[in-house]
Amino acid sequence: MQYGDKLNDHFNNPRNVGSMDKSAQDVGTGIVGAPECGDVMKLQIQVAPDGTIVDAKFKTFGCGSAIAASSLATEWIKGRSVEQASEIKNTDIANELALPPVKVHCSVLAEDAVRAAIADWKSKNLAANKTEN
Amino acid sequence: MKPAWPLDPKSSECNCAKCDGEKPAGASAPSGMIYMDYNATTPLDRRVLDTMMPYLTDDFGNAASRSHAFGWKAQAAVDQARDEVAKLINAQGKDIVFTSGATESDNLAIKGVAEMYRSKGNHIITCPAEHKAVIDPCKRLATEGFDITWVAPDANGVVQPEAVAAAITDKTVLISIMAVNNETGVINPIAEIGRLAKQRGVIFHTDATQALGKIPLDVEAMGVDLMSLSAHKIYGPKGVGALYVRRSGPRVRLVCQMDGGGHERGLRSGTLNVPGIAGFGAACRIAGDEMTEATERIARLRDRLEEGVMAGLDKVQRNGHPTLRVCGTSNLSFAYVEGESLMMKLANVAVSSGSACTSASLEPSHVLKAMGVGDDLAHSSIRFSLGRFTTEAEVEYVIEQTIKSVRELRQLSPLYEMAQEGVDLSKVAWKGH
Ligand SMILES: Cc1ncc(COP(=O)(O)O)c(C=O)c1O
């Protein structure tokens, strides 16, 4: 498939590739997709006590647009609050990368990955709050 | 105004075909790109173009014009090509019906038999790993009251004759099994299937598009009644093909799918594509002359590619039978890496993939699925197909680039990371979408 420059840039120079310690209290991990479907995204966030996402990392098994969409998502959520990040929209990702219609599901997956990472962080920290109190 | 005809012979002489005589026969790849997708199509061999050129220019007659020399010349070119195509499959010129390509040949064979023999039976046997040009006509017939038995190949992609035999009923009018699979290069036991078709009195069609010029074909020894062929897979022009139609032992009759002027024994109306057909003939002659040398050379390059890639990477699976394969095809699955992303990394190498992300349907390869390859490995598959103009240097470059690209993408792959950590990926509860 022929892609636009932004997508190719994210594919060729993916931002924020890597992994964080899943078990760390301040890290939220989202893994979405399935190998049989041809794409799996792992997206992780590290959240400061004030609720700011101080770091984000991803690893993606998938086509060029899946890799680019997850790279872009990590770039967008870094430095934002958890609340702001949870408002990320797949359509914005799709527009930014000029995804062709058949690839829009890659942006949906990236949005899902962000939400899953936030949900994981929340569940950890709500649970932690409970035990602390 | 300059007359459109006759063309100035000088002007036709100094176009690209002849003026760069330095180049070896065959088109060179576009600048900087390496072509390893010969199963998709092939460049026109320059010798083929030279054969075609007169029929595009000075000798432009209609082969059906019986009343003048323009027509006779065209007719002579078509007759010669008919014999050249026939020779490569041990048939006679009269058995050859020229078409627009293998897709049309498959349609004519399958629908033509189904309509002609409808009163005899409504059962067709084929294979789910066939090309869409066979699958879709069968599916259409299924909506029109035909029963289709889809005989799955084994795990190596080979269709077992016993499985075909077991599917035959007294209503079976056609068996259609491809000679060579386009995605894996796997060679089916055509002679054995032909023999049992003969024993049971069933017409046998084979799509030999990917076999022509790569393995010896013999419609007599193989018991083939109908054989689909295409020019553009053997360094001929696009949009030209043929259907071999047996005329005796038994005589196979077809309902034509194109009504009109009654060309091609009434089986395919339409003014013949004389330059294309002349090119197809030349392509067959060259393929026949060079088959032994070429297949040896190409197989050596293909084997080197596989050996080189596998030496540099673990978890690479070869799809398809290791030896029952044509010379140029290598279908490999690179675990933990998705095919389209690998093709993007291999930016200046033209290959194809069984990944869903490369198809409009968003389904992974139906061929690999039919062989029982899991969807995950189908998404990770790449087909390298080598051919007449592939060089050793290209193979070495592709080995190097493939290893580098797969390694990079594995560093990016959560599946690779999990596998390294000892996670059994088949046991993970994935949140699919
Ligand atoms: C096995 C097989 N059958 C049929 C076709 C279709 O051939 P054509 O492009 O001549 O219609 C192809 C090529 O795409 C093929 O590989």
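Can you figure out the FRET efficiency of A:Ala48 with B:Tyr397, using R₀ = 35 Å and their beta-carbon distance, to the nearest 0.05? Walk me through the numbers on the way to the answer.
Working: r = 47 Å, r/R0 = 1.35.
About 0.15, to the nearest 0.05.
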Quick check on the protein assembly as shown: of the DSSP beta bridges with both residues there, what percent are antiparallel, nearest 5%?
70 percent
Estimated inter-spin distance, B:Thr323 and A:Ser23, nm [label 7 Å along Cα→Cβ]:
5.1 nm
What is the Cα coordinate range of the stretch A:5-132 on the first, second and third principal axes, sorted by size from largest, in whole angstrom?
48, 30, 22
Quick check: residue separation of B:Ala221 and B:Trp150 times 0.36 nm, minus the Cα distance between them. What number comes out in nm?
23.0 nm
Fewest-first sequence of B:Leu412, B:Leu229, B:Leu313 by Cβ atoms within 10 Å of each Cβ:
B:Leu313, B:Leu412, B:Leu229
Could you work out the Kirkwood radius for the stretch B:341-433, taking every pair of different alpha carbons, averaging 1/r and inverting it, reported in Å?
15.1 Å
Per the charge dipole of the stretch B:315-433 (beta-carbon charges, Lys/Arg positive, Asp/Glu negative, Cα centre), the residue among B:Leu346, B:Val395, B:Gly372 reaching farthest to the positive end is B:Gly372
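Using DSSP to call loops (not H, G, I, E or B), can you name the trypsin sites (Lys or Arg not before Pro) in the stretch B:249-291 whose Cβ has at most 11 other Cβ atoms within 10 angstrom?
Numbers: sites: B:Arg251, B:Arg253, B:Arg265, B:Arg268, B:Arg285; in loops: B:Arg251, B:Arg253, B:Arg268.
Counting only loop positions with at most 11 other Cβ atoms within 10 Å, the trypsin sites (Lys or Arg not before Pro) in the stretch B:249-291 are B:Arg251.
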Under Karplus coefficients 6.51, -1.76 and 1.60, residue-wise ³J(HN,Hα) of the stretch B:125-132 in Hz, glycine/proline x:
10, 8, 9, x, 9, 5, 5, 4
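Order these peptides, A:109-116, B:89-96, A:62-69, by their mean beta-carbon neighbour count within 10 angstrom, highest first. Walk me through the numbers before you get to the answer.
Values: A:109-116: 24.0, B:89-96: 19.2, A:62-69: 30.4.
Output ranking for A:109-116, B:89-96, A:62-69: A:62-69, A:109-116, B:89-96.
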Counting helices only, and only those DSSP H runs with n ≥ 4, report the 222 nm mean residue ellipticity of the protein assembly as shown as the sum of -39,500 (n - 2.57) divided by its residues, in deg cm²/dmol to the nearest 500.
-12500 deg cm²/dmol
Using Cα springs under 10 Å in a Gaussian network model of chain B, which residue among B:Tyr35, B:Tyr117, B:Tyr235 shows the largest mean-square fluctuation?
B:Tyr117
Using only the Cα atoms of the stretch B:48-285, what do you get for the radius of gyration and for Dmax, in Å?
17.5, 57
Taking H placed 1.01 Å from N in the peptide plane, check which residues at least 5 places from A:Ser81 or on another chain put their amide H under 5 Å from its amide H.
A:Ile53
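Once you have the Cα-Cα distance between B:Glu307 and B:Thr169, take 0.36 nm times their residue separation minus that, and quote the gain in nm to one decimal. Don't skip to the end; give the middle numbers.
Details: separation 138, 0.36 × 138 = 49.68 nm, distance 4.46 nm.
Contour length minus the Cα-Cα distance gives 45.2 nm.
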Find the centroid of the Cα atoms in the stretch B:225-241 and in the stretch A:81-116, then give the distance between the two in whole Å.
45 Å
Candidates B:Leu88, B:Leu305, B:Leu324; GNM for chain B (alpha-carbon contacts under 10 Å) flags as most fluctuating B:Leu324
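Quick one: order B:Asp106, B:Asp376 by neighbouring beta-carbon count within 10 Å, fewest to most. Present the calculation step by step, with values, prior to reporting the outcome.
On the way: B:Asp106 30, B:Asp376 22.
The fewest-first ordering by Cβ neighbours comes to B:Asp376, B:Asp106.
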Computed FRET value (nearest 0.05) for A:Asn8 with B:Val423, which takes r as the C-beta separation and R₀ as 30 Å
0.45
Put +1 on the Cβ of every Lys and Arg and -1 on every Asp and Glu Cβ in chain A; which of A:Gly51, A:Trp121, A:Ile67 then has its Cα farthest towards the positive end of the dipole?
A:Trp121
Measuring from centroid to centroid over Cα atoms, what is the spacing of the stretch B:395-433 and the stretch B:39-83 in Å?
51 Å
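Given chain B, report the % of alpha carbon pairs whose separation exceeds 35 Å. Each step should come with its number before you reach the end.
Working: 32030 of 93528 pairs.
Counting every Cα pair in chain B, those more than 35 Å apart make up 34 percent.
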Residue-by-residue Karplus 3J(HN,Hα) for the stretch B:153-161, coefficients 6.51, -1.76, 1.60, Hz, glycine and proline x
x, 7, 5, 8, x, 9, 7, 8, x
Distance cut-off 21 Å, Cα to Cα: go down the list A:Lys59/B:Lys404; A:Lys59/A:Lys103; B:Lys132/B:Lys345; A:Lys6/A:Lys57; B:Lys233/B:Lys404; B:Lys345/B:Lys427 and report the pairs above it.
B:Lys132/B:Lys345; B:Lys233/B:Lys404; B:Lys345/B:Lys427
Suppose every K and R has +1 on its Cβ and every D and E has -1 on its Cβ; what is the size of the dipole of the protein assembly as shown about the Cα centre, in Debye to the nearest 20?
1240 debye
Evaluate peptide B:373-383: per residue, the Cβ atoms of other protein chains within 10 Å of its Cβ; return the mean as an integer.
3
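Give the value in nm², to one decimal: projected area of the alpha carbon convex hull of the protein assembly as shown, averaged over all directions.
On the way: hull surface 125.7 nm².
With every direction weighted equally, the projected area is 31.4 nm².
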Exposed loop sites here are GluC sites (Glu not before Pro) in DSSP loop states with at most 16 other C-beta atoms within 10 Å. What is the longest stretch of chain B lacking them?
B:221-420
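Could you work out the mean count of beta carbons from other protein chains within 10 Å of each residue's beta carbon in A:91-104? Present the calculation step by step, with values, prior to reporting the outcome.
Working: counts 0, 0, 0, 0, 0, 0, 0, 0, 0, 0, 0, 6, 3, 0.
If you average over the peptide's residues, the count of other-chain Cβ atoms is 1.
All of the numbers you see were taken from the coordinates with simple rules; none came from a lab. Because the structure is predicted, anything quoted here is derived from the model rather than measured. Here Cβ is always computed from backbone atoms with ideal geometry, including for glycine, and neighbour counts include all displayed protein chains.
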